[in-house]
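Have a look at the structure below, then the notes.
The values are calculated or read from the model by the stated rules, or taken from the named source; none is laboratory data. Computed from a predicted model, the values in this text were never measured in an experiment. Using ideal geometry, Cβ is built from the backbone for each residue, glycine included, and neighbour counts are taken over all protein chains shown.
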């Protein structure tokens with residue numbers, strides 16, 4: 001629990017206070033003095049007696065009791081200062097903006113460790129070090145600007161980068177995004193992003209707490225905690241949008257399987273956010289726009305009315321919405337459309353986009369919005385685009401728009417693009433507490449992201465029944481590394497994962513005996529594969545459609561001659577569409593499950609979905625519909641479809657298997673052959689790492 005003296009202090013000291021507002025100690029004091037804080041303010045600087053009108057103490061030993069301290073002094077002095085404040089002055093809230101700690105060298109890391117141990121020993125809370133600070137509706141404990149307009153219903157912003165926080169705040173403030181708090185956690189020596197989320201979760205008040213949380217992360221220290229508290233907050237009615245940067249190179253590795261090549265850090269983050277219900281963003285503009293969407297009533301459906309007096313922006317917005325999975329349904333033939341069209345100037349259109357021309361009036365906009373609200377049942381929300389060529393004021397239009405946004409049940413999103421021509425009118429609109437979205441395509445993209453992000457997956461799910469005892473016995477007796485065929489077949493059978501029935505032979509007479517046993521012929525062709533080489537197809541180690549004993553004999557000799565081959569796997573040939581299921585374990589994220597188009601297509605198309613375990617069959621089935629190649633699974637050009645229910649069940653069984661056997665470090669079922677009758681694995685690799 002975060003100590004309340006950090007959040008609502010009655011007294012604050014600035015250590016390293018200065019009259020020079022271009023220094024962190026001077027700017028921190030200035031921000032604090034100009035903030036809503038009504039408590040006692042102290043300053044410490046051995047060279048001053050008064051700083052910015054505040055009495056200045058020579059050293060912290062001379063201070064009275066104090067609740068919270070902001071340290072703007074050299075790192076080497078911080079440990080002793082914290083010791084005095086924590087042990088002698090009753091201080092429990094600490095904000096250390098100073099740099100030179102664990103981010104710099106070993107000596108700095110040791111100082112940081114000492115500080116954390118001291119603060120922990122008295123039950124205190126620390127923001128930083130190496131940060132821009134902290135602010136909430138009570139006070140500004142930071143040295144950066146701008147200071148946003150603070151509102152209890154504004155955004156709670158938690159960031160791992162103070163400099164990035166400045167830029168995000170500036171962008172959001174330019175469109176009147178309000179903030180409730182800003183937590184720049186810096187090195188996260190004690191309090192990190194997960195700790196702040198836990199605090200917001202455990203102290204959530206449905207009447208008083210903010211409903212919008214914005215995150216900027218360069219690392220995820222504890223994915224399971226992030227998942228737990230994000231899921232809980234969203235289920236309580238909050239919305240969370242986040243940037244997780246630095247994913248492109250972090251997950252690169254030499255991989256010995258298809259799953260390993262797919263399992264980048266970025267893919268794990270996507271899977272985590274999807275399971276938690278977090279909207280993932282990739283830049284400041286996107287992040288602040290998504291949070292602006294969150295500040296409006298929730299969109300209940302995907303059908304949008306585009307209301308405009310300018311054709312081009314409406315067409316571009318329609319494209320973005322349509323491409324993002326939303327709908328802009330035609331209203332041309334709706335019974336209410338003729339009456340609406342009669343109230344507009346000649347040349348207007350109500351087909352959707354609803355274009356009431358550059359000469360459109362506030363009165364006409366009112367008619368349109370009322371019709372959308374009361375008559376057009378197939379519309380769930382609307383976007384109003386209204387700028388100006390600079391010929392007249394837009395105040396009347398924006399006043400009406402504000403009133404309609406108060407009374408209409410269907411959400412209305414304003415796009416007011418003329419930020420120069422009608423700057424004053426837009427400022428007046430924003431002063432009413434509104435947010436402007438000046439670029440329609442940016443808004444459209446944000447709406448798509450918000451609507452398409454799934455709700456959090458339940459914490460506890462029901463997975464298929466599997467033979468846990470049999471799985472554990474097999475794993476316990478096997479060594480680390482890739483499992484032998486007989487051993488991984490035992491795991492697949494125990495988990496109820498359908499597989500082809502095969503034999504592994506190292507003698508030609510055994511190969512011929514198996515062929516005779518299954519009746520090798522044109523009606524029962526065989527597959528023969530090398531055992532040993534990593535990528536069988538690459539070395540010519542796969543032979544299909546073996547229909548007679550003579551071919552069995554010749555192919556056995558050829559395959560056994562391939563380098564690293566020590567046996568040949570044989571089984572009756574199956575048919576169907578190549579699909580894939582894989583799993584990989586991450587030390588922080590746990591097991592990640594991948595599934596999608598398989599065979600060689602996995603290398604070329606990489607058309608897969610991924611989720612963190614556990615994943616249910618219902619969840620997998622829904623995710624399969626998001627594959628670009630989903631129509632292939634449904635059957636195209638006479639090809640048989642894949643049984644989606646069976647496929648989703650196999651995904652859930654893989655999830656159950658890796659949870660029962662966390663020693664599974666990497667697993668590939670590629671391909672599985674799917675048709676209406678079965679989805680069966682024809683090749684598998686499982687690597688244990690205990």
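Scan the range 210-221 for residues that are buried (at least 16 other Cβ atoms within 10 Å of the Cβ), part of a loop (DSSP other than H, G, I, E, B) and either without any contact (Cβ under 8 Å) to a residue 24 or more places away in the chain or under 15 Å from the mean Cα position of the chain (by Cα) (or both) and jot them down. Can you show your working first?
Quick first cut of the range 210-221, residues buried (at least 16 other Cβ atoms within 10 Å of the Cβ) only: 210-217, 220.
Pick out the ones that are also part of a loop (DSSP other than H, G, I, E, B) and you get 210-211, 220.
Passing the criteria: only 220.
Looking at this structure, is residue 646 in a helix (DSSP H, G or I) and over 26 Å from the mean Cα position of the chain (by Cα)?
It is true that residue 646 is in a helix (DSSP H, G or I) and over 26 Å from the mean Cα position of the chain (by Cα).
Sort through 155, 182 and tell me the only one that's within 20 Å of residue 13 (Cα to Cα) and touching a strand residue (DSSP E or B) at 6+ places or on another chain (Cβ under 8 Å).
None of the others qualify; the one that does is 182.
Which of (1) over 23 Å from residue 2 (Cβ atoms); (2) part of a helix (DSSP H, G or I); (3) in contact with a helix residue (DSSP H, G or I) (Cβ under 9 Å, 6 or more places away or on another chain) is the odd one out, the single condition residue 100 does not satisfy?
Residue 100 satisfies every listed condition except (2).
Restricting to the range 185-208, name every residue that is part of a loop (DSSP other than H, G, I, E, B), touching a helix residue (DSSP H, G or I) at 6+ places or on another chain (Cβ under 7 Å), within 25 Å of residue 289 (Cα to Cα) and modelled with pLDDT of 95 or more.
185, 204
Taking the condition touching a strand residue (DSSP E or B) at 6+ places or on another chain (Cβ under 9 Å), buried (at least 21 other Cβ atoms within 10 Å of the Cβ) and not assigned by TED's automatic domain parsing to the domain that holds residue 181, does residue 28 pass?
Taking the combined requirement at face value, the residue satisfies it.
Hey, any hits in the range 542-563 for a residue that's buried (at least 17 other Cβ atoms within 10 Å of the Cβ), under 30 Å from residue 690 (Cα atoms), in contact with a helix residue (DSSP H, G or I) (Cβ under 8 Å, 6 or more places away or on another chain) and at pLDDT 95 or above?
No, the conditions are met nowhere in the range 542-563.
Kindly evaluate residue 306 against the criterion of being assigned to a helix (DSSP H, G or I) and at pLDDT 95 or above. Break it down stepwise before answering.
Values: assigned to a helix (DSSP H, G or I): no; at pLDDT 95 or above: yes.
Answer is no for this residue.
Inspect all residues belonging to the range 472-481 and state whether any of them is closer than 16 Å to residue 656 by Cβ and either in the same structural domain as residue 618 (by TED's automatic domain parsing) or touching a strand residue (DSSP E or B) at 6+ places or on another chain (Cβ under 7 Å) (or both).
Checked the range 472-481: at least one residue is closer than 16 Å to residue 656 by Cβ and either in the same structural domain as residue 618 (by TED's automatic domain parsing) or touching a strand residue (DSSP E or B) at 6+ places or on another chain (Cβ under 7 Å) (or both).
Is it the case that residue 490 is in contact (Cβ under 8 Å) with a residue 40 or more places away in the chain and either surrounded by 15 or more Cβ atoms within 10 Å (Cβ to Cβ) or more than 29 Å from the chain's Cα centre (by Cα) (or both)?
It is false that residue 490 is in contact (Cβ under 8 Å) with a residue 40 or more places away in the chain and either surrounded by 15 or more Cβ atoms within 10 Å (Cβ to Cβ) or more than 29 Å from the chain's Cα centre (by Cα) (or both).
Quick test of your reading of the structure: residue 522 fulfils all but one of (1) surrounded by fewer than 17 Cβ atoms within 10 Å (Cβ to Cβ); (2) modelled with pLDDT of 95 or more. Name the failing condition by number.
The failed condition is (2).
Kindly provide the set of residues from the range 608-623 that are in contact with a helix residue (DSSP H, G or I) (Cβ under 7 Å, 6 or more places away or on another chain) and surrounded by fewer than 19 Cβ atoms within 10 Å (Cβ to Cβ), ordered by number.
621
Which of the residues that make up the range 444-454 are surrounded by fewer than 19 Cβ atoms within 10 Å (Cβ to Cβ) and under 10 Å from residue 276 (Cβ atoms)?
454
Of the residues 392, 386, only one is loosely packed, with under 13 Cβ neighbours inside 10 Å, within 26 Å of residue 420 (Cβ to Cβ) and assigned by TED's automatic domain parsing to the domain that holds residue 406; which?
392
Name every residue in the range 654-688 that is surrounded by 22 or more Cβ atoms within 10 Å (Cβ to Cβ) and part of a helix (DSSP H, G or I), in order of residue number.
Selection gives 654, 655, 656, 657, 658.
Checking the structure you have, find out if any residue of the range 449-459 is within 30 Å of residue 493 (Cα to Cα), under 32 Å from the mean Cα position of the chain (by Cα) and either assigned by TED's automatic domain parsing to the domain that holds residue 276 or in contact (Cβ under 8 Å) with a residue 60 or more places away in the chain (or both). Please lay out each step first, then the result.
Restricting attention to the range 449-459, the residues satisfying the condition of being within 30 Å of residue 493 (Cα to Cα) are 457-459.
Filter once more, so that each one left must be under 32 Å from the mean Cα position of the chain (by Cα): 457-459.
Filter again for either assigned by TED's automatic domain parsing to the domain that holds residue 276 or in contact (Cβ under 8 Å) with a residue 60 or more places away in the chain (or both), leaving 457, 459.
Yes: the range 449-459 contains one or more residues that are within 30 Å of residue 493 (Cα to Cα), under 32 Å from the mean Cα position of the chain (by Cα) and either assigned by TED's automatic domain parsing to the domain that holds residue 276 or in contact (Cβ under 8 Å) with a residue 60 or more places away in the chain (or both).
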